[in-house]
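**Q** This is the structure I want to talk about, given as structure tokens.
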Amino acid sequence: MKFEVILAGFGGQGILFAGNLLAQAGLESGLEVTFLPVYGPEMRGGTCNCTVVLSDRPIASPVVRRPSALVIMNRPSFEKFMPWLKPRGLAVVNGDLVPEALARDFPGRRLVFVPADRLAEEEGFPALANMAALGALVAASGVIPPEKVIAGLKALLPPERKALLEPNRRVFEQGYRFVKNSLTASSR
């Protein structure tokens, strides 16, 4: 198994934290992991991204040119990274900032539009839309168990930020349930 994902959005949307958390969850699952954040002028409101590779075998390089999955939090990231996605690849897209009509330009790929901003706002934490998107990715891909993400969250949050554990968990679970409920409804 080799799962290569690029997470992308505006600087400040928690892209690097979500990528780091996915990598930590991979470690919690006993997988080989690489995490490659992109730092630079993108961090000042432009697009920001990172790459995570999860594998049951050693990983030769953290560089990913044709990811098997994407987490897309805004339209500029959608336009930049969607052409990179492998055929039959999975893209979890923040439907609050990217119109679903754009999916027609990418046949042969599985696009899951999630109202990540709305789900985070419903929990009272609009800055945690990244966690809703991560929950959606875990639900749609099945790459790691959701409880490993929560274990990773506990490991990553420093003591002075432990109060954020519960809000992060709740928003993650909202994104996870949104996709699971959508999959259940579409299979009826």
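**Q** Working only with C-alpha atoms, what are the Rg and Dmax values of the stretch 90-162, expressed in angstrom?
**A** Spelled out, the Cα radius of gyration and Dmax of the stretch 90-162 are 14.2, 45 Å.
**Q** Taking the Cα centre of the chain as origin, sum charge times position over the Cβ atoms of Lys and Arg (+1) and Asp and Glu (-1), and report the length of that vector in debye to the nearest 20.
**A** 500
**Q** Pairs to check: Lys80/Lys148; Lys86/Lys162; Lys80/Lys154; Lys80/Lys162; Lys2/Lys162; Lys2/Lys154. Give those whose C-alpha atoms are more than 27 Å from each other in this structure.
**A** Lys80/Lys148; Lys86/Lys162; Lys80/Lys154; Lys80/Lys162; Lys2/Lys162
**Q** With both partners inside the stretch 30-134, how many of the DSSP beta bridges are antiparallel, as a percent to the nearest 5?
**A** Here the antiparallel bridges make up roughly 40 percent for the stretch 30-134.
Read the figures in this text as sums done on the coordinates, not as results from a lab. Fair warning: this is a prediction, and the values are worked out from it, not measured in the lab. Neighbour counts are summed over all protein chains in view; Cβ atoms, including those assigned to glycine, are modelled from backbone coordinates with ideal geometry.
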